[in-house]
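Written out below as C-alpha cells is the structure these notes cover.
We did not get these values from a lab; they are worked out from the coordinates using the rules stated. Everything numeric in this text was worked out from a predicted model, so none of it was measured. We place every Cβ from the backbone using ideal geometry, glycine too, and count neighbours over all the protein chains shown.
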Amino acid sequence: MQHGMDDPTVLGYLGRALSLELSAVQLYSTQSRLVATWGLDAEATKFHNESLEELEHAQRIIARMLAKGVAPNASQLRPVKLGPDLLTLLRIDHEFEQQLVKLYHDAVMHCQRQRNHEDRLFFQALLDEESKHAVDLAHWIESLQSAG
C-alpha cells in the first residue's frame, strides 16, 4: 500500500487533477480542429500534440488512483472557451495552465507538510511539466505579439 492512501486530501487533489487534465484534452482537441479550419495546420498540430500530452497526464492520474484503490471519476469537465483568433486561444490556454500549475503546487505543498514523499514526487513531476507548458505558451504569446 502506498503512503497517503488514507489521505482524503490527496485523493481530492487527484480527482480535481483528473477533471482538469481531461478538460485540457477537450480544450486542446477542440482548438486543434478550430485552427485547422482557419488553415493553420502547424498550429493545429501543436494543439493536437498538447491534447495527447494532457491525455497522458490523465492516464497517469488514473493509474495513481487505481493504485490507491480508488475508482477514477472526473467530476466535472470545464466548458471549452474559444476565441476569434490564435492569440485569444493562447491566452485562454495560458490561464487554464496556470490553474493546473496552482493545483499541482498546492498538492506538492500538502504532501510536503504531510511528509508524503511518494505522492509529492508524483505531483511534482506533473507540476514541472505543466509549468514548462505555461512558460512555452507565454513565449508563444510573446512571439505573436511582437510579430503583430
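When Val10, Val80, Val70 are checked against the criterion of being among the hydrophobic types (A, V, I, L, M, F, W, C), in contact with a helix residue (DSSP H, G or I) (Cβ under 7 Å, 6 or more places away or on another chain), under 27 Å from Arg115 (Cβ atoms) and not in a helix (DSSP H, G or I), Val70 stands alone in meeting it. Contact map, region 21-42: residues that are crowded, with 18+ Cβ neighbours inside 10 Å paired with residues that are among the aromatic types (Phe, Trp, Tyr) and in a helix (DSSP H, G or I), Cβ distance under 7 Å, separation 6+ or inter-chain. Pairs shown: Ala24/Phe96; Leu27/Phe96; Tyr28/Phe47; Gln31/Phe47; Ser32/Phe47; Val35/Phe47.
When region 47-59 is filtered for residues that are crowded, with 16+ Cβ neighbours inside 10 Å and more than 15 Å from Glu97 (Cα to Cα), only His48 remains.
Between Ala24, Ala36, Ala42, Ala17, the distinction of being in a helix (DSSP H, G or I), more than 11 Å from the chain's Cα centre (by Cα) and either among the β-branched types (Val, Ile, Thr) or closer than 18 Å to His133 by Cβ (or both) belongs to Ala42 only. Within region 98-129, if we keep just the residues that are touching a residue at least 60 places away in the same chain (Cβ under 8 Å) and farther than 19 Å from Asp7 by Cβ, the residue that is surrounded by the fewest Cβ atoms within 10 Å (Cβ to Cβ) turns out to be Gln99.
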